[in-house]
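Participant: Have a look at the structure that comes next, please.
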């Protein structure tokens, strides 16, 4: 979620967390990170988002944030333990960075400088450390602009995507970078606001009753969260940068693997996917 | 808290959190970090540990951990906002590191490489980044032994302490480093366990009823938490490394500033102190 004004995520999280055992089987832990200006609060648990007392706190404690990344895990690589729970957190350029990945990477063994090292043993945390390592390689310890990071990500993300499914969200609290190789959807809620009805739970909120005209919220999710809103699917290789609750940069990257698979469907690997 | 076996901190935290407004005035936010093997969960809030729903969760959700660092803040430098809440978290050598500081540093402006940068604007987070920077300076990206880190800390900590009060706890989940220039106490609870009665709340626990002979817990705190246990005060400049619930290395470092102050009390600065 990326917002123009600090917004709480209790409505979306209520529906989303149902997918951790009720409407889907992403039960192997959950995590959610909230930026509050430069600060970042990361909550993780190895219980499912349906059972966890921490998820219960999140559903009931309306933390107001401009950038939130949440993840419910279906373990494909790495054990079901806490150090493998997304999202992952690192500091760079005096800012916290948060990363969550949906998908599976194979034979992905990049060389790391040591500047960022995975704590757990997932392909996802490794990809995150590699991304940040490449940021430092490109820009050193001087913070670049969001646009410069976006351009660099357009080069690195497709290289990582050569190794499998690489849908991700990445935020430094200023903006939210997103990328899809297989499945991601987005929408913007803004004035004039409408009612929204959750898919995973029979709950409706009329946003026109709880918002001001200044509010604007972009929601990015693997599968749409509501019935009656216009979600846009990402194309394969699409990258979008969100700021102030709306897309500010789009790009379509060339993912060689996807092109090869389209030409020869027999090459396609069956992958199970984590879900935002 | 440093423990031989995963232990919950609900008893100690119940008493400790009273100091955030009831028995003391450390109301400007709180934080607590739990290591669970290599994973680390950090909870912070800018509400006091008496009022915060997150503190309430901690008092009632018995997270079992071998290394816990908790902090209740009385703001002396830096605003009362979330990015200034202790403890602070960074990753180095594929391990999370957690740091909390009690005290006040003046004219402390070390040069940083950029490898670790403060997110907030406290002297404490700056000292933490400086410590980790010095670790990399000394050992590069190859993880040294706990003893090697202890020896390095004996050189760096007194240099930082030249700038004021520098009581701290630092952990990477394997062990807990502690250092005092003015005020810190420790004790070890082990077999045969005894009842303990909190100072800040009329609550007693008979640890012999809730422990096994394998349990052993070291508790390090600014001010003793219980009436009827034998707390040992740190000497000025004392550094202790705790592992498996007991001290494994002691050292007494020479803090030039304290020696000068002892020789000439007029030099002594009045400092207000944060509290673990």
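Participant: Please report B:50, A:217 as a ranked list, fewest other C-beta atoms within 10 angstrom at the top and most at the bottom.
Facilitator: Values: B:50 18, A:217 23.
By the 10 Å Cβ count, ascending: B:50, A:217.
Participant: Using per-residue counts of other Cβ atoms within 10 Å, averaged over each peptide, order B:207-214, B:253-260 from highest down.
Facilitator: Details: B:207-214: 11.9, B:253-260: 15.9.
Going from most to least packed, we get B:253-260, B:207-214.
Participant: Can you tell me, using C-alpha contacts under 8 Å and at least 6 residues apart, the relative contact order of chain A as a whole percent?
Facilitator: It rounds to 22 percent for chain A.
Participant: Right, here's the next one. Within 10 Å of each Cβ in B:33-46, how many Cβ atoms from other chains are there, averaged over the peptide?
Facilitator: That works out to 5 on average.
Participant: Next question. Using all Cα-Cα distances in segment B:36-190, what percent lands in each 10 angstrom bin from 0 up to the longest?
Facilitator: 10, 39, 38, 13, 1
Participant: Shifting gears a bit: Output the direction-averaged projected area (hull surface divided by four) of the convex hull of the alpha-carbon atoms of the protein assembly as shown, in nm².
Facilitator: Seen from a random direction, the Cα hull of the protein assembly as shown projects 26.1 nm² on average.
Participant: Using only the alpha-carbon atoms, how far is helix B:146-161 inclined from the longest principal axis of chain B? Give it as 0 to 90 degrees, nearest 10.
Facilitator: It works out to around 60 degrees.
Participant: Provide an ascending nm list, one decimal, of label-point separations from residue B:60 to the equivalent residue in each further copy; define each label point as 7 Å from Cα along Cα→Cβ.
Facilitator: When each copy's label point is compared with this one, the spacings are 0.6 nm.
Participant: Throw me the Rg/Rh for segment A:1-119, computed over C-alpha atoms with Kirkwood Rh, two decimals.
Facilitator: Ratio value, two decimals: 0.98.
Participant: Return the average number of partner chain Cβ atoms within 10 angstrom of each residue Cβ along peptide A:52-62.
Facilitator: Working: counts 1, 3, 6, 0, 2, 6, 0, 0, 1, 6, 0.
Shielding by partners across A:52-62 averages 2.
Participant: Another question about this same structure. Other chains' Cβ within 10 Å of B:137-144 residues: what's the mean? Walk me through the numbers before you get to the answer.
Facilitator: Working: counts 0, 0, 0, 1, 5, 1, 2, 0.
What the average comes to for B:137-144 is 1.
Participant: Most exposed first by the Cβ proxy, i.e. fewest other Cβ within 10 Å, how do A:151, A:44 rank? List each step's numbers first, then the result.
Facilitator: Working: A:151 14, A:44 26.
Ascending number of Cβ neighbours within 10 Å: A:151, A:44.
Participant: Quick one: check the C-alpha center-to-center distance for segment B:210-243 versus segment A:202-271, whole angstrom.
Facilitator: 52
Participant: Taking the Cα centre of each part, how many Å lie between segment B:134-169 and segment A:109-163?
Facilitator: The two parts, judged by their Cα centres, are 29 Å apart.
Participant: Report the gain in length on full extension from residue B:251 to residue B:121: 0.36 nm times residue separation, minus Cα-Cα distance, nm rounded to one decimal.
Facilitator: Working: separation 130, 0.36 × 130 = 46.80 nm, distance 3.07 nm.
Taking 0.36 nm per residue and subtracting the Cα distance, the gain is 43.7 nm.
Participant: Taking each label point as 7 Å beyond Cα in the direction of the beta carbon, state the distances from residue B:202 to the same residue in the other copies, shortest first, in nm.
Facilitator: Nearest first, the other copies' label points are 5.0 nm away.
Participant: For a Förster distance of 41 Å, can you work out the FRET efficiency between the beta-carbons of residue B:212 and residue A:10, rounded to the nearest 0.05?
Facilitator: Values: r = 41 Å, r/R0 = 1.00.
Result of the calculation: an efficiency of 0.50.
Participant: Using only DSSP helix segments of four residues or longer, with each worth -39500 (n - 2.57), what per-residue ellipticity at 222 nm results for chain A after dividing by its residue count and rounding to 500?
Facilitator: Details: 5 runs with 56 residues, N = 276.
That calculation yields -6000 deg cm²/dmol at 222 nm.
Participant: Relative contact order of segment A:125-243: what whole-number percent is it, with Cα pairs under 8 angstrom and at least 6 residues apart?
Facilitator: 28
Participant: Hey, fewest Cβ within 10 Å first, where do B:171, A:145 land in order? Numbers along the way, then the final one.
Facilitator: Values: B:171 26, A:145 9.
Going from least to most buried by this count: A:145, B:171.
Participant: Next question. For label points placed 7 Å from Cα toward Cβ, what is the shortest-first list of nm distances from residue B:229 to its copies?
Facilitator: Ordered by distance, the counterparts are at 4.9 nm.
Participant: To check my understanding: the extent here is largest minus smallest coordinate of the Cα atoms along each principal axis. What are those three numbers for segment B:2-267, in Å, largest first?
Facilitator: Largest first, segment B:2-267 extends 50, 40, 36 Å along its Cα principal axes.
Each value in this text was obtained by applying a stated rule to the coordinates, not by laboratory testing. Keep in mind that this is a model prediction, so the values were computed, not measured. All Cβ positions, glycine included, derive from the backbone under ideal geometry; neighbour counts span all protein chains shown.
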